[in-house]
Amino acid sequence: MLLVLPRGQVAGGVMSEQPLSEAEASAWAPAARALVVELLARGLVAKVRGHGAVWARNPAGEPAPDDLVGAAMSPGLSQEVWCRPRWPERDLWWWWAWAGPSREDPAELEPLCPVAESVRAAEVIARVLAVPFTDASVS
């Protein structure tokens with residue numbers, strides 16, 4: 001379970017609440033594109049979203065096309081990570097963005113790794129979104 005700390009703090013680090021500097025704001029876009037390339041190389045669907053976010057989905061986690069109940073009930077295997085500064089160094093990191101306890105609550109953030117480590121981030125995200133068995137006969 002993710003430990004939620006007072007505002008601006010998350011398990012494993014402290015996230016900056018101050019606005020991004022001009023250099024930080026311009027640094028997240030190339031880092032996000034690099035992460036998308038690494039995720040695509042691992043068979044995931046990925047795209048850059050605004051404000052320093054990358055969204056990834058594993059198509060192997062989708063229900064069969066003829067499974068209407070599965071399509072209605074399954075959100076699929078997807079994950080979003082955010083690029084944000086980490087204190088006290090204020091270096092940019094990828095942060096897991098986990099859903100809050102209710103729809104009204106903000107996302108809970110957990111540090112993943114520095115943004116320069118796109119290979120490491122992609123490997124960990126791919127592991128989280130992995131489907132260990134794709135054969136329905138395996139139980």
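The values are calculated or read from the model by the stated rules, or taken from the named source; none is laboratory data. These numbers were taken from a predicted model, which means no experiment stands behind them. Reconstructed Cβ throughout: ideal geometry from the backbone, glycine too, with neighbour counts over all protein chains shown.
Working only within region 42-87, note down all residues that are part of a helix (DSSP H, G or I) and modelled with pLDDT of 90 or more.
Within region 42-87, the first condition is being part of a helix (DSSP H, G or I), and the residues that meet it are 59-61, 68-73.
Answer for region 42-87, where residues must be part of a helix (DSSP H, G or I) and modelled with pLDDT of 90 or more: just 59.
Looking at (1) free of Cβ contacts under 8 Å to residues at least 24 places away in the same chain; (2) closer than 23 Å to residue 26 by Cβ; (3) of a type in the set (S, T, N, Q), can you tell me which one residue 118 breaks?
Among (1) free of Cβ contacts under 8 Å to residues at least 24 places away in the same chain; (2) closer than 23 Å to residue 26 by Cβ; (3) of a type in the set (S, T, N, Q), the lone unmet condition for residue 118 is (1).
Report, by residue number, each residue of region 33-53 that is among the β-branched types (Val, Ile, Thr), free of Cβ contacts under 8 Å to residues at least 60 places away in the same chain and under 14 Å from residue 119 (Cβ atoms). Steps first, answer last, please.
Within region 33-53, the subset among the β-branched types (Val, Ile, Thr) is 36-37, 45, 48.
Those still in the list that are free of Cβ contacts under 8 Å to residues at least 60 places away in the same chain too: 36, 45, 48.
Passing the criteria: only 36.
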